[in-house]
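S.K.: Mind having a look at this structure? Questions to follow.
The values are calculated or read from the model by the stated rules, or taken from the named source; none is laboratory data. The structure displayed is predicted, hence computed values, not measured ones. Positions of Cβ are backbone-derived with ideal geometry, glycine not excepted, and every protein chain shown enters the neighbour counts.
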Amino acid sequence: MDRKTLESAATANAYLRGLLSVPIALLLFVAALGNASVGPFRHSWVFLVVVAVLAGAYLLINRYYNDTFGRVTPSARQQSRLIVATLASVVIMIGVSTLLRSRAPWSLDLPVNSIAVAFALVLLVTFIAGGGVRLHHVAILGALAIAGLLPVWHGSDPGNIGLVMAGVAILVIGILDHILLVRTLGPLVTEDSNAGA
């Protein structure tokens, strides 16, 4: 494989470190449990301990990816696009949540799950900005947005269910991204790994 093809493949697959989504999804599940005051999760300190454990898991998974697949540094252009996407994501999350379902006088106060819709939009914007949007991203995030827009979310705020739905979407996307990464690039072959052969 020539250098340009290898660089192109590495850049296109730099964001497919899907197992990193597992701690993020678990964090959303724990946040939903904490918001609903379920069992020990009603205590703030439990949430903080879980965040610390999940942060450690995230770092270990990241190390696994670095050791197994190597590292790719996104270009300055990609990094700039991701910064803009991150800022846009904050605006989208707050704006969509407030506009669709809040008690503000100018809110539409629709019977939708604004958290699910906002997460779907935020993740889609992030994937597009990162240059790594795939068909399964669009399908899963589209399903999340459609489920959130169904006019069945009457009564109390469905934010916790939206967090769980977003967590499931992130988890499924992450697993599919990891499988795609393994199929596309395969593990990094080093001199140490060939020594035992």
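S.K.: Quick check on my filter: what residues within segment 127-162 are farther than 18 Å from Ile175 by Cβ, assigned to a loop (DSSP other than H, G, I, E, B) and either in contact with a Leu (Cβ under 6 Å, 6 or more places away or on another chain) or among the charged types (D, E, K, R) (or both)?
M.R.: Within segment 127-162, Asp157 is the sole residue that qualifies.
S.K.: For segment 65-98, how many residues are among the β-branched types (Val, Ile, Thr) and closer than 23 Å to Leu181 by Cα?
M.R.: First pass over segment 65-98, keeping only residues among the β-branched types (Val, Ile, Thr): 68, 72-73, 83-84, 86, 90-92, 94, 96, 98.
Restricting the remaining residues to those that are closer than 23 Å to Leu181 by Cα gives 68, 72-73.
Counting residues in segment 65-98 that are among the β-branched types (Val, Ile, Thr) and closer than 23 Å to Leu181 by Cα gives 3.
S.K.: Out of all the residues in segment 164-183, is one or more exposed (fewer than 11 other Cβ atoms within 10 Å of the Cβ) and either under 20 Å from Ser21 (Cβ atoms) or at pLDDT 75 or above (or both)?
M.R.: Taking segment 164-183 first, the residues exposed (fewer than 11 other Cβ atoms within 10 Å of the Cβ) are 183.
From what is left, the residues that are either under 20 Å from Ser21 (Cβ atoms) or at pLDDT 75 or above (or both) are 183.
Yes; the residues of segment 164-183 include at least one that is exposed (fewer than 11 other Cβ atoms within 10 Å of the Cβ) and either under 20 Å from Ser21 (Cβ atoms) or at pLDDT 75 or above (or both).
S.K.: Which of the residues belonging to segment 123-144 are of a type in the set (A, V, I, L, M, F, W, C) and either over 14 Å from the mean Cα position of the chain (by Cα) or modelled with pLDDT of 90 or more (or both)?
M.R.: Initial filter on segment 123-144 (of a type in the set (A, V, I, L, M, F, W, C)): 123-125, 127-129, 133, 135, 138-141, 143-144.
The answer is Leu123, Leu124, Leu135, Val138, Ala139, Ile140, Leu141, Ala143, Leu144.
Listed here are the residues, each with its yes/no results for (1) surrounded by 12 or more Cβ atoms within 10 Å (Cβ to Cβ); (2) more than 27 Å from Leu185 (Cα to Cα); (3) aliphatic (A, V, I, L, M).
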residue	(1), (2), (3)
Ala36	yes, yes, yes
Arg42	yes, yes, no
Ala57	yes, no, yes
Thr68	yes, no, no
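Results for (1) of a type in the set (D, E, K, R); (2) closer than 22 Å to Ile175 by Cα, shown as yes or no for each residue.
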position: Leu54; (1), (2): no, yes
position: Arg77; (1), (2): yes, no
position: Val84; (1), (2): no, no
position: Ser97; (1), (2): no, no
position: Leu121; (1), (2): no, yes
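S.K.: Take segment 59-86 and flag every residue that is farther than 23 Å from Val125 by Cβ, under 18 Å from the mean Cα position of the chain (by Cα) and among the β-branched types (Val, Ile, Thr).
M.R.: If the condition is that a residue be farther than 23 Å from Val125 by Cβ, under 18 Å from the mean Cα position of the chain (by Cα) and among the β-branched types (Val, Ile, Thr), then Ile61 is the only one that fits.
S.K.: Test of understanding: among Val90, Val117, which residue is β-branched (Val, Ile, Thr), surrounded by 16 or more Cβ atoms within 10 Å (Cβ to Cβ) and at pLDDT 75 or above? Full working, then the answer.
M.R.: Details: Val90 fails: surrounded by 16 or more Cβ atoms within 10 Å (Cβ to Cβ).
Among Val90, Val117, only Val117 is β-branched (Val, Ile, Thr), surrounded by 16 or more Cβ atoms within 10 Å (Cβ to Cβ) and at pLDDT 75 or above.
S.K.: Let me confirm something: among Val51, Val72, Val96, Val30, which residue is aliphatic (A, V, I, L, M), surrounded by 12 or more Cβ atoms within 10 Å (Cβ to Cβ) and not in a helix (DSSP H, G or I)?
M.R.: On the way: Val51 fails: not in a helix (DSSP H, G or I); Val96 fails: not in a helix (DSSP H, G or I); Val30 fails: not in a helix (DSSP H, G or I).
Being aliphatic (A, V, I, L, M), surrounded by 12 or more Cβ atoms within 10 Å (Cβ to Cβ) and not in a helix (DSSP H, G or I) holds for just one of Val51, Val72, Val96, Val30, which is Val72.
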